[in-house]
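Peer 1: My questions will all concern the structure given below.
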């Protein structure tokens with residue numbers, strides 16, 4: 001199941017779509033002024049990506065190296 | 001010449017001193033003369049009582065026991081000089097003659113054979129009065145001493161006025177010497193009284209006024225300097241658009257010019273309005289990430305060419321709005337001038353943020369836009385008490401920003 005932190009990350013990325021969200025902004029939004037190290041964020045992103053894989057949307061969460069993350073929707077219009 | 005505050009204060013103190021001296025001198029003289037008159041009057045009354053008692057015992061008027069006092073049986077017996085000034089009905093009187101004599105008269109009502117009879121006691125007091133004689137004999141010395149004391153009092157008044165007004169005069173002199181752009185310092189600012197408060201407030205107000213004037217001058221200079229080039233570029237693009245449809249490059253240039261102008265105007269207003277630019281703590285790494293992500297939306301550039309060597313969080317003291325300008329400017333110029341294949345390195349070490357990019361070999365260097373922005377970059381970083389240095393090489397360009405770190 002999607003964790004609370006994973007849901008928050010997904011929500012933040014959706015809000016900023018199609019723009020990317022910086023790593024610092026995610027840390028700030030999730031943990032405030034005293035965030036844990038960036039490995040915690042990577043772990044949550046990894047878990048979120050696994051959840052997206054389960055619904056066939058593995059490529060939707062794109063990593064921009066060292067900077068942040070972006071959602072990419074490649075949804076075909078309904079027939 | 002208008003009177004200075006020191007002269008006014010001296011005049012007030014001196015006038016008060018002289019007035020006080022004159023009042024006390026006059027009061028002392030009045031008290032002395034009144035005391036003398038009361039003493040003589042008491043002597044006359046005592047003698048009148050003695051004469052009246054002897055009249056009752058012996059039935060006749062007897063001479064006075066004092067050689068100062070003469071008893072007269074009736075009004076007509078009195079000396080003519082006395083009768084001219086004292087009417088018969090007056091119970092007492094004081095007479096000054098032109099020959100220098102001074103009389104006191106007291107009427108004494110007696111009863112003789114059932115009939116009232118008025119007698120008079122006349123005292124010639126001129127020989128025994130001391131005040132007038134004292135004034136004549138030592139008046140000069142007393143007046144001299146009094147004048148010397150008044151002169152001493154005036155000297156003290158002058159010294160006091162000078163001492164009291166000196167801080168104000170110093171403040172006024174320093175305020176008169178203030179010049180636009182000069183240092184502001186009032187020597188009386190450390191006093192604990194109202195003058196110290198006034199000096200401190202003046203100093204603060206003048207410094208603030210100077211800062212506002214400097215910002216206004218810098219604003220006018222920056223507007224003239226920073227907006228002229230993008231306006232010219234936009235004007236040229238529009239002129240070309242009149243002759244033929246604007247190509248994609250031209251549109252991009254026009255859009256870039258508008259964006260640059262908007263950012264420049266925002267920063268210029270922030271610089272002009274801001275009273276205390278530094279003071280906030282800004283996470284510089286977050287700003288860099290945000291800035292790079294925005295630029296990646298605009299430029300075709302592979303983010304894997306980026307080398308980021310920054311701590312997890314880089315807290316610096318600065319203005320959040322102004323911090324973005326140097327970052328945007330440096331990174332946008334790095335991408336613009338370096339081209340799509342350039343490598344960008346952003347590193348932080350020992351209070352210095354370095355942004356460097358590689359330049360394509362063999363291509364002419366395009367530095368027009370970058371040079372144009374350097375002046376404003378310098379102003380922005382200076383406003384936040386940062387320092388910026390540019391290093392141009394043949395194959396690279398590097399900008400070093402010395403940051404003000406969070407204490």
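Peer 1: Say we join alpha carbon atoms closer than 10 Å with springs in a Gaussian network model of chain B; which of B:309, B:249, B:283 then has the biggest fluctuation?
Peer 2: Residue with maximal mean-square fluctuation among B:309, B:249, B:283: B:249.
Peer 1: Using only Cα atoms and rounding to the nearest 10 degrees, what angle (0 to 90) does helix B:194-226 make with the longest principal axis of chain B?
Peer 2: Tilt relative to chain B: about 30 degrees.
Peer 1: So what is the orientation-averaged projected area of region B:63-206, using the convex hull of its C-alpha atoms, in nm²?
Peer 2: Numbers: hull surface 75.3 nm².
Reported value for the Cα convex hull: 18.8 nm².
Peer 1: Can I ask one more? Given the options B:158, B:396, B:72, which has the most mean-square fluctuation in a GNM of chain B, springs set between C-alpha atoms less than 10 angstrom apart?
Peer 2: Result for chain B, Cα springs under 10 Å: B:72 fluctuates most.
Peer 1: Now, a different point. To the nearest whole number, what is the average tally of beta carbon atoms from other chains within 10 Å of the beta carbons of peptide B:283-295?
Peer 2: Working: counts 5, 1, 4, 6, 2, 4, 11, 8, 2, 6, 12, 3, 0.
Other-chain Cβ atoms within 10 Å of each residue's Cβ, averaged: 5.
Peer 1: Which of B:263, B:248, B:272 moves the most in a Gaussian network model of chain B with Cα springs under 10 Å?
Peer 2: Judging by the Gaussian network model, the answer is B:248.
Peer 1: Follow-up. Viscosity 1.002 mPa s, temperature 20 °C: what is the translational diffusion coefficient of region B:218-290 from Stokes-Einstein with a Kirkwood Rh over Cα pairs, rounded to a whole number of µm²/s? Intermediate values should be presented prior to the final figure.
Peer 2: Working: Rh = 14.6 Å.
The Stokes-Einstein estimate is 147 µm²/s.
Peer 1: State the Cα centre-to-centre distance between region B:192-259 and region B:73-117 in whole Å.
Peer 2: Their Cα centres are 106 Å away from one another.
Peer 1: Still on this structure, I have one more. Modelling each spin label as a point 7 Å along the Cα-to-Cβ direction, I'd like the residue B:155/residue B:394 distance in nm, to one decimal.
Peer 2: Roughly 8.8 nm, to one decimal.
Peer 1: Same structure again: State, to one decimal in nm, how far the label point of residue B:54 lies from the label point of residue B:305, with both points 7 Å from Cα in the Cβ direction.
Peer 2: Between residue B:54 and residue B:305, the simple spin-label model gives 14.3 nm.
Peer 1: Less than 20 Å from a label point 7 Å out along the Cα-to-Cβ axis of residue B:35: which backbone N atoms in region B:51-88 qualify, by residue?
Peer 2: Counting only backbone N, you get no residues.
Peer 1: What whole number of Å gives the distance from the Cα centroid of region B:324-364 to the Cα centroid of region B:34-61?
Peer 2: So the two Cα centres are separated by 124 Å.
Peer 1: Measuring from centroid to centroid over Cα atoms, what is the spacing of region B:384-407 and region A:1-40 in Å?
Peer 2: 31
Peer 1: So if the hydrodynamic radius of the protein assembly as shown is defined as the Kirkwood radius over C-alpha pairs, what does Stokes-Einstein give as its diffusion coefficient at 37 °C and 0.692 mPa s, in µm² per second? Spell out each step's value before the answer.
Peer 2: On the way: Rh = 33.5 Å.
After rounding, the answer is 98 µm²/s.
Peer 1: Restricting to Cα pairs below 8 Å that are 6+ residues apart, what does the relative contact order work out to for chain B? Please round to a whole percent. Walk me through the numbers on the way to the answer.
Peer 2: Numbers: 453 pairs, mean separation 38.6, N = 407.
Normalised by residue count, the contact order of chain B is 9 percent.
Peer 1: Give me the extension gain from residue B:241 to residue B:141: residue separation times 0.36 nm, minus the current Cα-Cα distance, reported in nm with one decimal.
Peer 2: Roughly 25.2 nm would be gained on extension.
Peer 1: Compute the long axis of helix B:131-176 from its Cα atoms, compare it with the longest principal axis of the Cα atoms of chain B, and write down the angle in degrees, 0 to 90, nearest 10.
Peer 2: 10
Peer 1: Do you know the relative contact order of region B:1-112, to the nearest whole percent, from alpha carbon pairs under 8 angstrom that are 6+ apart? Mind dumping the intermediate values first?
Peer 2: Values: 60 pairs, mean separation 17.3, N = 112.
Computed over region B:1-112, the figure is 15 percent.
Peer 1: While we're looking at this one, here's another question. Using only Cα atoms and rounding to the nearest 10 degrees, what angle (0 to 90) does helix B:248-273 make with the longest principal axis of chain B?
Peer 2: So the inclination is approximately 20 degrees.
Peer 1: If you don't mind, another one. Could you work out the relative contact order of chain A? I mean the mean sequence separation of Cα pairs under 8 Å and 6+ apart, divided by the number of residues, in percent.
Peer 2: Reported relative contact order: 38 percent.
Peer 1: For every helix of n ≥ 4 consecutive DSSP H residues, a contribution of -39,500 (n - 2.57) applies; sum these over chain B, divide by its total residues, and give [θ] at 222 nm rounded to the nearest 500 deg cm²/dmol.
Peer 2: After summing the helix terms and dividing by residue count, I get -20000 deg cm²/dmol.
Peer 1: Mind giving me the FRET efficiency for residue A:42 and residue B:225? R0 is 56 Å, r the Cβ-Cβ distance, nearest 0.05 is fine.
Peer 2: 0.75
Peer 1: With a point put 7 Å past each Cα toward its Cβ, work out how far residue B:148 is from residue B:130 in nm, to one decimal.
Peer 2: 2.3
Laboratory data are not the source of any read-out in this text; all were calculated from the coordinates shown. Note that the structure is predicted; figures quoted are calculated from it, not measured. Every residue, glycine among them, receives a Cβ derived from its backbone with ideal geometry; neighbour counts consider all protein chains shown.
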